[in-house]
Amino acid sequence: MASAPIAPYNSSPLGNSSSPNASRESLKMEPLADVAMLPGEERVIDKDIIYICPFNAAVKGKVFITNYRLYFKNTDSETPVTLDVPLGVISRVEKMGGASSRGENSYGLEIICKDMRNLRFALKQEGHSRRDIFEIIFKYAFPLSHGMQLFAFLSQEKYEENGWNVYEPMEEYRRQVLPNSEWRVTFINKNYELCDTYPTILVVPFKATDEDLRRVAAFRSRCRIPVLSWFHKENHAVITRCSQPLVGMSGKRNKDDERYLDLIREANGTTKLTIYDARPNVNAVANKATGGGYEGDDAYQNAELVFLDIHNIHVMRESLKKLKDIVYPNVEESHWLSSLESTHWLEHIKLVLSGAIQVADKVSSGSSVVVHCSDGWDRTAQLTSLAMLMLDSYYRTLRGFQVLLEKEWISFGHKFASRIGHGDKNHADQDRSPIFLQFIDCVWQMTKQFPTAFEFNERLLVVILDHLYSCRFGTFLYNCESARDSNNVRGKTVSLWAFVNSDTSLYINPFYTPESSRVLYPVASMRHLELWVTYYIRWNPRILHQSPVEQRYKELLALRDQYLKKLEELQLSDSTHLTNSSTPNTATPNQHITHLQTPF
Amino acid sequence: MMFSGKQTKPTFKSYLPPLQTDLKKSPQLPIKKLEAKLLPGEIIVNEANFVRKCIGSESQDDLWGKLVCTNFKVSFISHNSLPRKRFQCTHRLLGEHDIPLACVEQVVTVNDLKGKQKILGSNQKLKFNPTELILYCKDFRIIRFRFDEAGPESAKKVCLAIAHYSHPADPQLLFGFEYVGKRYHGSTGDRVNGVDPGGGMQTPLFDCSSDWDREIKRTGASEWRVCTINQGYFISPSLPEFFVVPVSLADQDLKQYACFFYSQRIPLWCWNHPSGSALVRMSNISDPQQQRKVEQRISSAITKSHPLRSDVFKSDLDKNLPNIQDIQAALLKLRQICVIDPFEESEEKWLSSLESSRWMEYVRTFLRHAVEVVYMLESRNVPVILLENEDRDLSCVISCLVQLMCDPHCRSLHGFQGLIQKEWVMAGHRFLDRCNHLKKNDKEESPLFLLFLDCVWQLWNQYPAAFEFTEVYLAVLGDSMWVPIFSTFLFNCPRQRAENSRDFASSKSIHLGQDQALRFPPVWDWSQQFSLKDQTLFNNPLYVGKIATCVQNGTVKTFTHRRSKKNYSSTLRGLPSALRNGSLGPNDTLARRNSLVLRLRSDLSQVREQQETPSERFIRDYFSHPVDLQGLLLPQLLPSHLSVWKLYFLRWVPEAQIPQGGPITAFHKLSVLTDEIEMLQSQLRQYKGAGSTPNNLHAEHSKMYFKVTSTPHQTPSPPEYLSSSFPFSPVGNLCRPGILGTPLSKFLNGAKIWLSTETLANETF
């Protein structure tokens, strides 16, 4: 169509297709208005409705609800206005206006989404038309609250690759040269008996016995003991992660825990182990009241404790809420910068990034570190995974990034179900928080500062976030491995990576230049941190959706390849004409051809 | 070696034992050979030995050398070189540590023992012996020298000399006069003393009627003519000798009208939209009684020159844009937060401080205003008059921006340079006063040109492939304002240039020959400042015009630069609805709006529905289609989509530098690829006959700074010296008080990181 050379993720900002591939899936599917339905997707209801677009006007059209999505298509004009919203994105549905409301279009629905937009629809007042559609959306958007299954379990999508095989823990540990004489693999948690929110395979200090681990578990919140996340092949320093120690008001000590941390330190002869407590100091102190706390100086003499001042999930939730207020539906124009500042969103990004920089710097200088927050599944996951991204170029590849998410986030029990609230109607749940979004934002900031260091592009990050909510894939469902196992997520759902890896060309950064041993230190300064407008402000129609430089580079690559081909052809015809001659004129280009086969 | 891939060749240096660091400390280095490199006409005024230039925060990194004040620059000559100086863009007129006097904003002397500090002006006395000299520069650098080991008298003298010579009392004391004047002695030939008359370039200077004629032809402005009544500057002191007026206005009429305008500035034609609508700039009419009549005459003449006889739209710039003092105040605040405030402490409030500087707001205001004008030309198809009191400041910015948005020719290098000649230099922007070269009147100082460059950068940043030049070019162009030898930035108007150079010539008995004025080189003669190799940093590898391609269904189409005339028509949209007296009718504001919405607004108060003006709809329509980079370019105007021009404003800030990162790393890859394509093209040409061009010619003629490597199967990784400040370097250029106490290792954090990983990696082998 008209927008061919631009290829934005959402060609029409009015109607985002969060599944850009939907139309090219090979399976036969019944069309829904003008998009193909997914295998396993079923129509539930169609209805005439008015979409109250915040950017231009009220649009008359038809809404189609399936067990996966809400699809709207206008009927009132030639220019298409469409909406394609996976029901999983819906955070909340509200009725607006009552039976007594006067005026046209004052009676309808408001849908608040998790992806920075709200949708408003107006309906006719007569004949319970609103009640039906409200109830259907409510039921299918929140299936778990209605005793139904998430769409991921109903989907019949098939892909060539089994995305669940992207991450094989043993394979990943072997890549890190583990186990070795300092670190061993333990299967103590194979039935989730040591810790029900950890994965089954753990890497621990070689000298720590399984009995030690059990005793340490008793002193760590939710038994999340310090285990290895990453091993530095050259200096043998490690990143380990855990939850807070159960120090409590009385300042309890635990010899086993103290000795265990010392084993981590000893493994590569680090003189002082650095413990990064992600929280602000006061929060760590306050946690003592609920039985938690932090490692005291006298108890852990060979360790130094550093607080990283990152706030908790509630602060982040409020920050994002404020951000939404200033970008949707309209961008706050008169005091944009100070409004942005007052959301503190970028400030939080800065703290997370600078925390990760400190971790990476410590490890690359040869010292081992322990990272924790309270439970070790939110801020801890942000810090370890970002530090690993800085240290290990493997995680900056398309595959490696998938492994990183599977490992540090999914397998180590970031509570996706609670933080996102998949299929759950309780929108005000205090457990919800955009921790993972914040992490992806940090990754985006890094890709902006190092445009050649990442194999994947911005589009991958957006697709990951879209499917964080969509419930189309099993990848981000449930809080931990044990829950995933008992619900047979691997057997019954498709992994997001199967979908992503079915067409990797969409997600490749053409500027990528592999550099195996480079540590990336982004500048965590407000001077460089930017609001990720192509994500947060993507619904605004006054915004241009294109990545011209990337596009242009691809065009140039194609041109280069075409020239190379032409030259080769000319040489072939040359060599047939003058078989034996060795004139310098033809020899020179020949040499160059062989030189120019750059790996693209 | 696993890192470099290529073999490290032994160099001369590698046979020498590494320099001891304490050697650097001692001032006992041979000083006899420390001599300033002087340009023709340059003389040494004063100098001091055993001076330390501060590089980082610790004195051990400082450089020892001689501080020299000439009539052109502050020069620092040292035997030591900077640490980690693997890359340097060499300036032909300035050494590594040189600062042109014109770039010095403020001279501050300090005696830290006595706790005294004094800002020096010209002809002043200093009652204490300075231990330190701090030069605050117009380009945001802050340079510090220490005199701990220098003779107190010579230190004082050199400070006073710098202060005095950076405040010239008369334009003819600006170094350009001596420099250019010197070149008239003892040389003949076309290339007058090394100064190429036209700069050897295709850049039109618009100082002759033929340049204007060509511009009229290029834009198809057949109803406009070149007017020569101001030859010899007999009509207006601030207008150029040649300019363009409607054909319907006779010279006699113009002479009659001239007296009504400020400084007898007859309205100037800037440019014609392909649809025939002209862009005209005009100063205010001083006599209110005549105002109506004269305005009407001018307007109707412009209307007569319009193919559809459309009425003129007047855009009052003074009413809608900040004034020059506002803009100056904004820059000062921006400088404060970028380079003076301590970095860490200002982090938390960075965004709100940035907002309160208002710089970004002004950038946006100018861009938005230009878009409004574009809307009138493009969508309403009416001629536009830019109205400004003196027509010498705001109009320059707006008329240029409008042309950049509408006319792809202006986005080529020569087109852009011609645009600046036309709308700034010839139209009489007071560069001398606005740059405050004479430091006479601070109230007249205003960074309008820098603001313009920032606006261009915003467009460039949003559409990098649409411009032939790079952001390095824009930054270097801005810096060139402070090298006082270019005709471009030295004068308030062409007449001032002519008069001053005549005076100077007669006082120095220079025979100008056929020239009317001294041939100051225009800044566009880039070879004055940079080698051809360094000039390739200006070439944008993304530029569509050069090797335009379009990939469709897997096949590649290549087309050469299309004629702009043809492109013009593609930007035409619909026919105009006539305007009455230049104001919008009531129908226009509400045109085509769904009546339903109006009712909705009252009912759904929660919906933040805003009244969309026709120009907003024009913008929204524009963004709903793919952008043709050779057609109309409208900037994204939301404040969330405008950025700080980091390369310009933050290049000296060590903490803000991203080692081996920043947009330059992607640029590097692009440059290499474009270079490879150019090479393949030349090889293909060889095959197609036309004789044998030797292959090595490619390397010399390549337009790209970074070249394809001959190593097979190797994706070039970005060179280590790249950073977000490239090709500039913070080292030694920003020594604000706050940086004291920061270890150099942090200051040069890139170097440290590389050291540690390299040593680590080496251990494994």
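The values are calculated or read from the model by the stated rules, or taken from the named source; none is laboratory data. The structure presented is a predicted model; accordingly, all values stated were derived computationally and were not measured. Positions of Cβ are backbone-derived with ideal geometry, glycine not excepted, and every protein chain shown enters the neighbour counts.
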With criteria (1) over 17 Å from B:Pro659 (Cα atoms); (2) facing chain B (nearest Cβ under 9 Å); (3) touching a residue at least 40 places away in the same chain (Cβ under 8 Å), A:Trp539 comes up short on (2)
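Yes/no per residue for (1) within 24 Å of the chain's Cα centre (by Cα); (2) over 30 Å from A:Gln551 (Cα atoms); (3) charged (D, E, K, R); (4) at pLDDT 95 or above:
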site	(1), (2), (3), (4)
B:Ser509	no, yes, no, no
B:Leu512	no, yes, no, no
B:Gln516	no, yes, no, no
B:Pro521	yes, yes, no, no
B:Ser531	yes, yes, no, no
B:Thr536	yes, no, no, no
B:Leu542	yes, no, no, no
B:Gly545	yes, no, no, no
Sort through A:Asp466, A:Asp485 and tell me the only one that's under 20 Å from A:Pro39 (Cβ atoms), not in a loop (DSSP other than H, G, I, E, B) and not aromatic (Phe, Trp, Tyr).
A:Asp466
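Residue by residue, here is whether (1) of a type outside the set (A, V, I, L, M, F, W, C); (2) in a loop (DSSP other than H, G, I, E, B); (3) touching a residue at least 24 places away in the same chain (Cβ under 8 Å) holds:
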position: B:Ile485; (1), (2), (3): no, yes, yes
position: B:Gln496; (1), (2), (3): yes, no, yes
position: B:Glu499; (1), (2), (3): yes, no, no
position: B:Gly513; (1), (2), (3): yes, yes, no
position: B:Pro521; (1), (2), (3): yes, yes, yes
Quick test of your reading of the structure: A:Ile543 fulfils all but one of (1) surrounded by fewer than 21 Cβ atoms within 10 Å (Cβ to Cβ); (2) in contact with a strand residue (DSSP E or B) (Cβ under 8 Å, 6 or more places away or on another chain). Name the failing condition by number.
(2)
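Residue-wise test of (1) buried (at least 23 other Cβ atoms within 10 Å of the Cβ); (2) over 19 Å from A:Trp336 (Cβ atoms); (3) at pLDDT below 95.
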| residue | (1), (2), (3) |
| --- | --- |
| B:Ala330 | no, no, no |
| B:Lys333 | no, no, no |
| B:Glu348 | no, no, yes |
| B:Ser357 | no, no, no |
| B:Arg368 | no, no, no |
| B:Leu377 | yes, yes, no |
| B:Asp391 | yes, yes, no |
| B:Val402 | yes, yes, no |
Checklist (1) farther than 16 Å from B:Asp393 by Cα; (2) of a type in the set (Asp, Glu); (3) in contact (Cβ under 8 Å) with a residue 60 or more places away in the chain; (4) in a helix (DSSP H, G or I) applied to B:Asp318, failing item:
(1)
When A:Asn488 is run through (1) at positive phi; (2) within 17 Å of the chain's Cα centre (by Cα), the failure sits at (2)
Leading residue by the ranking (surrounded by the most Cβ atoms within 10 Å (Cβ to Cβ)) among those in region A:343-378 that are assigned to a helix (DSSP H, G or I) and in contact with a His (Cβ under 9 Å, 6 or more places away or on another chain)
A:Val363
Name every residue in region A:517-538 that is under 26 Å from A:Ile410 (Cβ atoms) and hydroxyl-bearing (Ser, Thr, Tyr), in order of residue number.
A:Thr534, A:Tyr535, A:Tyr536
Tell me, please, whether a residue that is touching a Phe, Trp or Tyr at 6+ places or on another chain (Cβ under 6 Å), part of a strand (DSSP E or B) and either assigned by the TED database to the domain that holds B:Ser399 or within 26 Å of B:Gln516 (Cα to Cα) (or both) can be found in region B:284-298.
yes
Report the residue count in region B:224-238 for those that are farther than 13 Å from B:Leu268 by Cα and without any contact (Cβ under 8 Å) to a residue 24 or more places away in the chain.
3
If only one of A:Tyr478, A:Tyr563, A:Tyr553, A:Tyr512 is in a loop (DSSP other than H, G, I, E, B), within 9 Å of chain B (Cβ to nearest Cβ) and either under 16 Å from A:Ile410 (Cα atoms) or aromatic (Phe, Trp, Tyr) (or both), which one is it?
A:Tyr512
Report, by residue number, each residue of region B:137-160 that is farther than 16 Å from B:Ser122 by Cβ and either free of Cβ contacts under 8 Å to residues at least 60 places away in the same chain or part of a loop (DSSP other than H, G, I, E, B) (or both).
B:Lys138, B:Asp139, B:Phe140, B:Arg141, B:Phe147, B:Asp148, B:Glu149, B:Ala150, B:Gly151, B:Pro152, B:Glu153
So A:Val549, is it surrounded by 15 or more Cβ atoms within 10 Å (Cβ to Cβ), over 30 Å from A:Arg472 (Cβ atoms) and at pLDDT 90 or above
no
Answer with yes or no whether A:Val331 is at pLDDT below 95 and touching a helix residue (DSSP H, G or I) at 6+ places or on another chain (Cβ under 6 Å).
yes
Of everything in region A:296-342 that's β-branched (Val, Ile, Thr) and assigned to a helix (DSSP H, G or I), which residue is nearest to the other protein chains (Cβ to nearest Cβ)?
A:Val327
Among the strands (runs of 3 or more DSSP E) confined wholly to region A:158-270, which include 1 or more residues that are polar (S, T, N, Q) and over 25 Å from the mean Cα position of the chain (by Cα)?
A:183-186
